[in-house]
1. Pull up the range B:3-27, narrow it to residues that are near ligand 1 (Cβ under 7 Å from one of its atoms) and in contact with a Ser or Thr (Cβ under 9 Å, 6 or more places away or on another chain), then point me to the one that is nearest to the other protein chains (Cβ to nearest Cβ).
2. Among the residues of the range A:162-179, write down those that are in a helix (DSSP H, G or I), modelled with pLDDT of 90 or more and either more than 7 Å from chain B (Cβ to nearest Cβ) or surrounded by 21 or more Cβ atoms within 10 Å (Cβ to Cβ) (or both).
3. Which is free of Cβ contacts under 8 Å to residues at least 24 places away in the same chain and part of a helix (DSSP H, G or I), of A:F149, A:F133?
4. Do we have B:E30 as touching a residue at least 24 places away in the same chain (Cβ under 8 Å), assigned to a loop (DSSP other than H, G, I, E, B) and either within 12 Å of ligand 1 (Cβ to nearest atom) or more than 14 Å from chain A (Cβ to nearest Cβ) (or both) here?
5. Determine if the range A:191-203 includes at least one residue that is away from every other protein chain (no Cβ under 14 Å), closer than 27 Å to A:N60 by Cβ and without any contact (Cβ under 8 Å) to a residue 60 or more places away in the chain.
6. Would you please list the contacts, defined by Cβ atoms under 9 Å and residues six or more apart or on different chains, that run from a residue in the range B:141-160 that is away from every other protein chain (no Cβ under 11 Å) and within 16 Å of ligand 2 (Cβ to nearest atom) to a residue that is outside any helix (DSSP H, G or I) and of a type in the set (S, T, Y)?
7. Please give the number of the condition B:G126 fails out of (1) over 31 Å from the mean Cα position of the chain (by Cα); (2) modelled with pLDDT under 90; (3) buried (at least 20 other Cβ atoms within 10 Å of the Cβ).
8. Out of (1) within 14 Å of another protein chain (Cβ to nearest Cβ); (2) in a loop (DSSP other than H, G, I, E, B); (3) in contact (Cβ under 8 Å) with a residue 12 or more places away in the chain; (4) more than 13 Å from ligand 1 (Cβ to nearest atom), what's the single condition that is false for B:G106?
Amino acid sequence: MTDKRFDVRRLPAAATLAITCFVILYIPMVILVANSFNSGKVIGDWDGVSLRWYAAALQNDAFISAGITSLILASCAALVATTTATMAALATTRTRGFKGEGTIHLVLNEPLMVPEIVLAIALVIILAQVRQFTGYNGLGYLIIAHSAFCIPFAYMPIRARLEGMDLTLETAAADLYAGRFYTFRKVTLPLLAPGILAGFALAFVVSLDDVVISDFLKAPGQDTLPTYLMGQLRRNLTSEIYAISSLLLLISVLIVVGAWLLTRKKT
Amino acid sequence: MLDIRNLSKRFGRGESAVTALHEVSFSIKEGEFFTLLGPSGCGKTTLLRMIAGFEPPSGGALVLDGQDIAHTPPNRRPVNTVFQNYALFPHMTVAENVGFALGALGKRQAEIDETVGRMLDLVQLGHLAHRKSGELSGGQQQRVALARALAPKPRILLLDEPLSALDMKLRKEMQVELKRLQRETGLTFIFVTHDQEEALTMSDRIAVMSGGRFQQIAEPRDLYDQPANRFVAGFIGETNFLDGRCEGGQLILPEAEAPVPAAHDDGPVTVMVRPERVVLGAAQPGALVLQAKVEQLVYFGTDTHVHMALANGNTLVARVQNADQSDAACREGETIPVSLPGGALRLLPQEAA
Ligand SMILES: Nc1ncnc2c1ncn2[C@@H]1O[C@H](COP(=O)(O)OP(=O)(O)OP(=O)(O)O)[C@@H](O)[C@H]1O
Ligand SMILES: [Mg+2]
């Protein structure tokens, strides 16, 4: 015990590196948020604190409509992804091993391995055909696509929670006259809830943040918050973009922190 | 009330199959405290899980009150289990845990509340009804698990080593408590343990198991005094084994001075004698008399264990009550006569030890 072991935490370079990463990650955020309160019209030209750009953003119909689209999309996608992920997780942990279990893992986690741009291109090709055939041009395509690539993010925390659950609890419920459904409702689901919540939050944030697939699949005139921001970035660079970005950041942080707090209380 | 007929269990298939239980048959009477006793891996849990319905039997019948329930799912069997790790629902309060079965059975809330109150009083936990089950001590969790299993009034209560997680003192208390509960409720208990003392003190009848088979089913006293074979004799209490022969109604031990009469078929036998039945010193009429050298005296407070060596190198242990005999009865190193009274000898068929 007395010999000096190799300990990463003791390496002076490690601390420096960690701090550098932190700074690189967070300094731009701080600058962004700070600038969103800049009353000046041009970036870099500080002109006093004001909420002027937030007010402007809230009166900007294009932003509001993109925001609503994003929230609907993220809610639907997270809901579908979480439901699918929950059922998949139950199937892969609560049944005896079955043929093709490995394949299911592969399919569920496919979006993590396939480059997003490749998935987007593949979907564009197919959906172009579907669009022509059905004539439907709504948000449905985006919801389906987002649901698909959100599944692994929802699946991970749910599965982790299920694997950590004591199986004798479900046996005990069955012993105490509970049928399968009663056991699921009263024992499995309440114990799984923190995992499901975490999965939902993760899926929601991932969907909210997506640019590539949204940009490829959106119908003309349709915009999500990220694609709207991209469009604005190419045109007039005003501090309003900073205000909108800050709002997006706020939503993401609120969701993740909220889910974390709820999960913590339940365990 | 419960008849188990040729019940067997195999795990796995083909080459790697393990037979956890070989066709066992026995009956349990209403209101009985029945114990399954045996070393680790002998199939106690497997048998209990089959009675509860968690494990389908590979063969045989499980007849409860005249109905074969071998393939009835666990939630339709009037049988409840107290699990070794208690398996309390961590997200529920003590009261919710205890009322779980009644809720699953669709009872009215008023009835559930009333039963839960009564059960918690029975295990003396009324004051903790609204605690979360994770915030209890081991002994309290044990009581909640008991109350939870008793609440729906099962026909049989199954207990799989329920006391093994408790410390010695608590364990003794819970043994008394369990026995009291069983008497008060008049319920049939099937209790699993690998602690022979626990089995002897609590049970009406004990089934000694080994290697997936029943070695003997008997009341504690009979099990101790008349073990059916060497395994049972060695597993329950401490025992001396001596090898001898029977010839023409006489038991001949190579170490003994003279043979004694014995009602046993001719042939090799194993003689079993409990340490507390060995008499030091004076030869008694009708007893086997041996010469033994006292090797070690081990003091245990209420009694002393005398370890002795016989002429042929075999060892013999005697247990002497310190209240009866002065410690001057023997000294380490001296050779003394030892009597094995005829009534204390039990002859068992010889088997490879
Ligand atoms: N699910 C299973 N698959 C394969 N073998 C099993 C399984 N369950 C039990 N066994 C085997 O069956 C035998 C009996 O096991 P069991 O758990 O009934 O023993 P036990 O008497 O309860 O032991 P302990 O005192 O250690 O709890 C053991 O050899 C065990 O390895
Ligand atoms: Mg066991």
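The values are calculated or read from the model by the stated rules, or taken from the named source; none is laboratory data. Please read all numbers here as calculations on a predicted model, not as lab measurements. Positions of Cβ are backbone-derived with ideal geometry, glycine not excepted, and every protein chain shown enters the neighbour counts.
1. So the residue we want is B:F11.
2. A:E170, A:A172, A:A173, A:A174, A:D175
3. A:F133
4. Taking the combined requirement at face value, the residue satisfies it.
5. no
6. Listed by first residue and then by second, the contacts come to B:L159/B:T81; B:L159/B:T193.
7. (3)
8. (3)
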